[in-house]
Amino acid sequence: MKRNHLRALSLAVSLLMLIGIAPMAGAADEVVYRTLYSGEVTTLNYLVTSSTNEFGLAANLIDTLVEYDNYGQIQPSLAESWEVSADGLTYTFHLRDGATWVKADGSYYADVTANDFVAAAKYILNAQNASSTADILYGVIAGAEDYYNGTATPEEGKEPAPATEWDTVGVKALDDKTLEYTLISPTPYFLSTTTYVCFMPVNEAFLTEIGDGFGLATGNDTILYNGAYVLAEFRPQEKTVLAKNQSYWDADKVYIDKIDSTYNKEAGNVAPQYFLDGNIDGFGIDNALAADWLNDLEKADYVRPVRQYGQYSAWYSFDFNPAFEEEYEPENWKLAVANENFRKSIFYGLDRVKAMLNVDPVNAEELIYNTITPSNFKIFEGADYVTLGDLKEISALGTDTFNEALALEYKEKAVAELTEAGATFPIKMKMMFNVSLSWWADECQTVEQQLEGLLGGDYIDIIIESGASSGFLANRRQGNYAFMKVNWGADYADPETYTDPFDPGNNSYRFTDEAVDIDLSEYKALLEAAKAITEDSEERYLAFAKAEAYLIEHAYAIPMGPWSGGYTVSKLDTFTSQYAPFGISQERYKGQKMLDHPMSTDEYYDAYDAWLEAREALAAAE
């Protein structure tokens, strides 16, 4: 693995670094991780939220049926075992003894039962409760969508959907310890979806007792707890403290006793000094400060790269259904974007490493993906999914997709074909960025200067416009751009999740053949063929790899890498955390250990290499 470090470590510093790798504190000492935060949660109701901050709390307070270990292997959690019917439609989970609900003070409330999962599903599938994750549930569970629609308030002037009975929904408690889910169709990735908040349980008696007060962000007494931690203190805009749940069924694997988070609206600005003063144990560091610290012999060992979980993948998207203003010539853009040679001139002309330097000025090359699906997302028989089948050759290219000669060759072909089609030059390319992300504006300027410098301002005219963070996503979904960096996060452990933005029916990513003259019939056929394979994992993955390779080979998108990179300062040993490039597992503190010092960049890469080797060995042994 290539290393691009800003400094050369002396032997003395290296020895000190190795000596300091011991875990923090003795067994008899309380282990506390201290942080600052500036974004307050608005609800504790994990059954309705879709906020990342709120997911982070829920992941530590409420357990799911299964969880992931630090190598990405599914492990029993509230369910100690399960089986799947021969037709792949019915999953039966057997709940463990000893899992309990407790109050914030740790006092016992009730045992966890199968009915807790039924109660949660019934709450989520009541449209009046406005759960943001209901679609994930009714997208896979038999009868769930009809039940949900039957609870919804109809639009004005429309008839209500017919109400259905709960017993038509495929969520059943066969007894206190046996839970059954019936699916709409065989879903190979279903087990991974059960790590989402919409598959978390709720105690029905407590839910009934507290009524509309359930999950209100007014105190720590509006929910119950069955996870590794309880919300010991919750004073909004003051302090949040997670304390180890002493009644937790798996308490031996909870190594951090307390997560002590103090509110500060200027957390991003004051955190570095708080850390240097010894008042906190970690914080996110911006690129400019990271570069300063990495060049400082006293501070360099405090900084390590942000670990990429492969959850959010970024690519440059072409808008195939433009809806921007006439001044940007949407009809002319339609002619250009439908032309494969034009797209390939941009594909090979984009210097991705130069663009990525704005995200990570030190290790940009290591962040580059050649595929939409991130590396390390799925390991099959010891091999990374992105190295299987038709993706193998694409992944092997490294960063060599930037090719000046090919870009100019495709430009020449595109000019001839587009001129004949009636296009005018330069082709205007409206590119948007969100002002709330400091690196994005700089990356847009880099891309504009680099592409126009190579291909010529007489060929393309990239026009950059800023967008406020409020409403930015809606603006993008409405098609207010021609060419823009976008992202997608995995929803479950299967390559199908990364096809969602390229479903021609999903117009929020503007990939469609309805507005421009392109033929997507071959891609649609490849996609449907892959989705239809539900029993043979290898055949399924190879089919999805073929579909993804088709997108890339025809330059329908330009893969980039993780949505964010950069650096962090933290005493947490990131390689002891639960690993899953989807869901909320990586938000959990369970299993994580603390070091007596912040992990350095060199320690990070050494640990990363060891982790990769161990993970691949485990996958090969399956």
Exercise. Tell me, what does the Kirkwood hydrodynamic radius of segment 353-461 come to in angstroms if you use every pair of distinct C-alpha atoms?
Worked result: 16.6 Å
Problem set entry | When the convex hull of its Cα atoms is projected in every direction, mean area for segment 441-590 (nm²) | 12.7 nm²
Exercise. Just in segment 437-526: which GluC sites (Glu not before Pro) are loop by DSSP and have at most 14 other Cβ atoms within 10 Å?
Worked result: 514
Exercise. Peptides 206-214, 249-257: what's the order by average Cβ count within 10 Å, highest mean first?
Worked result: 249-257, 206-214
Seminar exercise, completed: Cα-Cα longer than 26 Å, checked against 485/546; 378/546; 378/430; 239/571, kept in input order, equals 378/430
For this session: Work out the FRET efficiency for residue 617 and residue 251 from their Cβ-Cβ distance, taking R0 = 25 Å, and round it to the nearest 0.05.
Result: 0.30
Seminar exercise, completed: Whole-Hz Karplus couplings 3J(HN,Hα) for segment 33-47, θ = phi - 60° and coefficients 6.51, -1.76, 1.60, Gly and Pro as x, run 10, 10, 9, 10, 8, 10, x, 7, 6, 9, 8, 9, 7, 5, 7
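So what's the convex hull volume per residue for the Cα atoms of the chain, in Å³?
Here the figure is 168 Å³ per residue.
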Problem set entry | Largest-first principal axis extents of the Cα set of segment 24-98 (Å) | 50, 36, 26
For this session: Could I get the Rg over Rh figure for segment 312-562? Both from C-alpha atoms, Rh via Kirkwood, rounded to two places.
Result: 0.95
For this session: Treating only the Cβ atoms of Lys and Arg (+1) and Asp and Glu (-1) as charged, compute the dipole magnitude of the chain about its Cα centre; round to the nearest 20 debye.
Result: 1120 debye
For this session: Would you mind putting 291-297, 72-78 in packing order, based on average other-beta-carbon counts within 10 Å, highest first?
Result: 72-78, 291-297
Exercise. Semi-axes of the equivalent ellipsoid of segment 144-200: what are they in whole Å, largest first, if each equals the square root of 5 times a C-alpha gyration tensor eigenvalue?
Worked result: 27, 15, 11
Exercise. Roughly speaking, what is the centre-to-centre gap between segment 339-360 and segment 536-609 when only Cα atoms are used, to the nearest Å?
Worked result: 23 Å
Exercise. Ratio of segment 49-152's C-alpha Rg to 2.2 N^0.38 Å, to two decimals?
Worked result: 1.20
Problem set entry | Length added when fully stretched, residue 53-residue 156, from 0.36 nm per residue minus Cα-Cα | 33.6 nm
Problem set entry | Spin-label model distance (nm) - residue 218 vs residue 83, 7 Å beyond Cα toward Cβ | 4.7 nm
For this session: With +1 on each Lys and Arg Cβ and -1 on each Asp and Glu Cβ, and nothing else charged, work out how big the dipole of segment 35-234 is about its Cα centre, in Debye to the nearest 20.
Result: 220 debye
Seminar exercise, completed: Debye calc, one equal point scatterer per Cα of segment 422-497, no solvent, log10 I(q)/I(0) at q = 0.14, 0.17, 0.26, 0.28 1/Å comes to -0.56, -0.75, -1.17, -1.26
Exercise. Counting only complete DSSP H runs, which helices of the chain cover 15 Å or more along their long axis at the Cα atoms and score a mean Kyte-Doolittle of -1.0 or above?
Worked result: 114-124, 404-421, 438-455, 521-532, 537-553, 601-621
Seminar exercise, completed: If unit charges are put on Cβ atoms (+1 for Lys and Arg, -1 for Asp and Glu) and the dipole of the chain is taken about its Cα centre, the option from 572, 475, 432 lying farthest towards the positive end turns out to be 572
For this session: List every residue whose amide H lies under 5 Å from the amide H of residue 72, counting only residues 5 or more places away in sequence or on a different chain, with H placed 1.01 Å from N in the peptide plane.
Result: 579
For this session: Identify the GluC sites (Glu not before Pro) of segment 37-89 meeting these criteria: DSSP loop state and at most 16 other C-beta atoms within 10 Å of the C-beta.
Result: 40
Seminar exercise, completed: Calculated from DSSP helices alone, with each H run of at least 4 adding -39500 (n - 2.57) and the total divided by the residues of the chain, [θ]222 nm to the nearest 500 comes to -9000 deg cm²/dmol
Problem set entry | Rounded Å value of the spacing that divides the Cα centres of segment 182-237 and segment 36-112 | 8 Å
Seminar exercise, completed: Note, segment 352-359: 3J(HN,Hα) by Karplus (6.51, -1.76, 1.60, θ = phi - 60°), whole Hz, Gly/Pro = x, goes 5, 5, 4, 5, 5, 4, 6, 7
Problem set entry | Residues of segment 259-285 with amide N under 17 Å of a point placed 7 Å along Cα→Cβ from residue 40 | 261-268
Exercise. So which trypsin sites (Lys or Arg not before Pro) in segment 139-203 are both in a DSSP loop and have at most 16 other Cβ atoms within 10 Å of their Cβ?
Worked result: 158
Problem set entry | Selection from 541, 523, 355, by position along the positive dipole direction of segment 312-562 (Cβ) | 355
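A short reminder: the numbers here are calculations on the coordinates, not readings from a lab. Because the structure is a prediction, the values reported are computed rather than measured. Cβ: placed from backbone, ideal geometry, glycine included. Neighbour counts: every protein chain shown.
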